[in-house]
1. Over 19 Å between Cα atoms: which of Lys69/Lys129; Lys47/Lys118; Lys37/Lys82; Lys82/Lys127; Lys82/Lys129; Lys24/Lys129 fall into that group?
2. Describe numerically, in nm with one decimal, the distance between label points set 7 Å from Cα along Cα→Cβ at Glu48 and at Met176.
3. Quick check: from the Cα gyration tensor, does the stretch 108-161 come out rounded (a/c under 1.5), prolate or oblate?
4. State the extension gain, in nm to one decimal, for the chain segment bounded by Ala206 and Asp29, taking 0.36 nm per residue of separation less the distance between their alpha-carbons.
5. If you take the square roots of the eigenvalues of the alpha-carbon gyration tensor of the stretch 48-161 and sort them as a ≥ b ≥ c, do you get rounded (a/c under 1.5), prolate (a/b over b/c) or oblate?
Amino acid sequence: DNATDNRIISESSEMNEYETLTAKFHFVDLAGSERLKRTGATGERAKEGISINCGLLALGNVISALGDKSKKATHVPYRDSKLTRLLQDSLGGNSQTLMIACVSPSDRDFMETLNTLKYANRARNIKNKVMVNQDRASQQINALRSEIARLQMELMEYKTGKRIIDEEGVESINDMFHENAMLQTENNNLRVRIKAMQETIDALRARITQLMSDQANQVLARTGDGNEEISNMIHNYIKEIEDLR
């Protein structure tokens with residue numbers, strides 16, 4: 001029998017939540033019902049057989065109360081034996097339960113086989129509805145964390161001036177905050193434009209400097225070494241152009 005008790009804490013994108021899954025797994029080997037006349041048991045083994053039969057009888061009563069639609073309103077005797085207490089979650093609870101009935105093809109065991117099949121048929125009539133259980137404490141913790149996050153956001157808005165409280169105690173959104181935000185956005189856009197224009201100016205200045213340098217070199221080439229004064233002046237001019245770069 002597999003009885004499941006799930007506790008889940010939902011994961012939030014804003015906070016680091018943890019998902020917790022807990023489950024119980026019951027695997028029970030039910031001893032067969034034995035007739036004392038047939039087994040011939042005595043002493044301690046006879047007492048053990050009687051105890052087994054009492055447990056199976058209590059389990060059969062629980063199965064009958066849960067599987068019979070006409071007995072739904074009656075009391076389910078879970079406390080009649082330790083076996084039924086152990087399997088209370090698996091029988092009629094929030095669980096998935098599997099029962100395997102072992103039978104014999106021998107004619108000698110006909111009555112035991114018939115009783116086992118009747119027993120299994122009654123157990124098959126039990127309909128469990130499995131659903132995920134959420135821990136209420138975890139839900140409350142999540143709600144409190146969300147409330148704390150909301151209050152922290154409001155506190156930050158008060159500190160930044162987005163929210164204000166007037167003399168009458170009425171809360172409102174500060175118009176100056178929106179105006180300041182718009183001005184900051186406009187200022188950022190202007191900074192971007194100035195940066196782009198500065199890059200264009202630098203590129204044009206470099207181009208002009210290159211053209212002036214080329215022109216000076218051409219004049220120097222035409223002048224040659226004939227006029228030393230003009231040649232020195234052109235060299236100084238070229239050096240000044242290189243420094244401007």
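1. Result: Lys47/Lys118; Lys37/Lys82; Lys82/Lys127; Lys82/Lys129 exceed 19 Å.
2. Between Glu48 and Met176, the simple spin-label model gives 8.9 nm.
3. prolate
4. 54.5 nm
5. In terms of gyration-tensor shape, prolate.
No value in this document is a laboratory result; all are computed from the given coordinates. All of these numbers come straight from a predicted model, not from anything done at the bench. All Cβ positions, even for glycine, are placed from backbone atoms using ideal geometry, and neighbour counts span all protein chains on display.
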